[in-house]
Amino acid sequence: MAIGVKVMKRPDRETSYVRAALKGMALTFKHMFQPKVTMQYPEERSTADDRGSYSVAPRWRGTHRMLADEQGRSKCVACGLCPQICPANCIKLVPGEDEEGNRYPLIYEIDEFRCVFCGYCQEVCPEEAIHVGVHFENAEYSRDRFVYDLERLTSQTHSVSTLWDPADPRGQ
Amino acid sequence: MTPELKGFLLLAVLKMLVVFTVVLVGVAMLTLMERKVSAWMQNRRGPNRVGWAGLLQPAADGVKNIVKEETFPAEANTVLFILAPAMMFIPALCLAAVIPWAAPLPVNFDWNLPLIGYVSHHGPMSMAVADLPIGFLFVLAVSSLSVYGIAIAGWSSNSKYSLLGGLRSSAQMISYEVAMGMSLVPVLLLTGNSTFTEVIRAQQQGIWFSASLTLSFFVFLVAGLAETNRLPFDLPEAESELIAGYHTEYSAMKFSLFMIGEYANMITVSAMLATLFFGGWDLPGRWDEGGTGLATLLTGVAMFLKTFFFLFFFMWIRWSLPRFRYDQLMALGWKFLIPLALTYILVVCVAVWGIENVAGITSPKVRGLILFGLNVVACYVVFFILDRGRLLSGSYRRQAPAGVRG
């Protein structure tokens, strides 16, 4: 009575409280016996592909990975594009050059705490060296472990993000 | 003291210990059950990490609540702030004392115990801690005391949300107590006595009151939900409106006491529903008056199952129905339940008078069956003819100011 509510003219069967309540209770009771949807996380894990019951989207952007060539060296040519484009300024790159004039990174560090996982580094990389990965289990015991150096980035094995293609938004 | 008195006291202390322990463990298990039932109804699994199938979760919660920091809001009335959880908790625990949990058990012993001396007990032992002559009136009286706990908790926290929760709770509990008390008058009419033992005996001789007094059962069920502050009547808590209502400012074990009180109240209301309307520990087809240990055990299991069903029912309702708006809650209490209970008292009075004096039927069974027939009609009238947006309307039209045509 306190509030002036506009009262709709509805058919009787829609306004009966008891019947609506019983209907709702029948529904919740039915749900008790339906299969559960919870993932039992440490035992069940999501996979990067669709093989398991749970999967991570292939365009998921997680912690980085540096791809290597056949000799096991990183593909990075220390062009400097990724620290240039990085909006969080989390990539530290010191370029070096060997006797044949090939550039390579002396220091390549990514501070995963600063990273916003935008994926621009992967997009901008001309050599397809640095990638964001389909990976999310990153727990460490100390904060300094979150600065990933070149060796660690190269030794990662998880699959890499396919990023999001505006021309193919559903990844088909 | 005579050995008989000593024996009685010894058994009473033992019964107290057992009931107290069972209720507290039951409360702990209910918190787990609530989470499990809610999870299942939402296609989840619920807690299953601590212990087998999460059975140790209540213990983990208890440890957490005990070691958590106790916080006191600034400007709170500290004395009342500490007192309030106890005022909620103690009445809730007292209530379990008067429920007869099983058929009377014959206990015979003559012992000479150290320190106590000679104790003896002969004859059947009531399975209620105290089989009070005032019976369910005691429950109605003591359960209303917990409103003090809630109202004081709300006031002493010195927080607007808590205060609103406490006020809502007082208003709600007072409104629904009227309906609850009135719904028990027909029970009294059929039993002639308010002790639980007599109520059970009347149901053993006739039929269960849920059949012969269905509308009373319905009113008591709804009022019981409101009394325990469970959804759809949890306006005192109403987390979307009042954060957590009267226990917003409480932390650690003081908060836990409110929870324990709420669940202990649930156990009591469920046990009352089972006792008053579903024959208590009465097993269908068993007419012997206890007498053996086996009968006590079986009736105890029957009582447990009935209570358990209502506990589940309360959770089932909680996870199915949305909360009432405040004016709907008051309208349901004052405009529907109380008139319904009053009318029903009248109907039952006339029916009982007619059956006994006009038709001249004295068999309680036949009387119960006639009342059952009457209830089928009454339920049809209430739930199918009147309940078409008339008894409990979702909203009300704005009243036109006086002198203005609406």
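The values are calculated or read from the model by the stated rules, or taken from the named source; none is laboratory data. Not measured: the values here are computed from a predicted model. All Cβ positions, glycine included, derive from the backbone under ideal geometry; neighbour counts span all protein chains shown.
One table, with the values for the structure above:
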quantity	calculated
Complete set of residues in the range B:29-42 that are more than 14 Å from chain A (Cβ to nearest Cβ) and surrounded by 18 or more Cβ atoms within 10 Å (Cβ to Cβ)	B:LEU30, B:THR31, B:LEU32
Restricting the range B:311-323 to residues that are facing chain A (nearest Cβ under 10 Å) and not in a helix (DSSP H, G or I), the residue that is nearest to B:LEU164 (Cα to Cα)	B:PRO322
Any hit, the range B:275-289, residues being in a helix (DSSP H, G or I), within 23 Å of B:PHE89 (Cα to Cα) and in contact with a Phe, Trp or Tyr (Cβ under 6 Å, 6 or more places away or on another chain)	yes
Failed criterion for A:HIS64 (all others in (1) surrounded by fewer than 11 Cβ atoms within 10 Å (Cβ to Cβ); (2) in contact (Cβ under 8 Å) with a residue 40 or more places away in the chain hold)	(1)
Test result for B:LYS306, more than 21 Å from B:ALA179 (Cα to Cα) and touching a residue at least 40 places away in the same chain (Cβ under 8 Å)	no
Qualifying residue in the range B:5-25 (condition: under 24 Å from the mean Cα position of the chain (by Cα) and within 29 Å of A:LYS30 (Cβ to Cβ))	no
Residue within the range A:9-23 that is modelled with pLDDT of 80 or more, under 43 Å from the mean Cα position of the chain (by Cα), more than 9 Å from chain B (Cβ to nearest Cβ) and in a loop (DSSP other than H, G, I, E, B) present	no
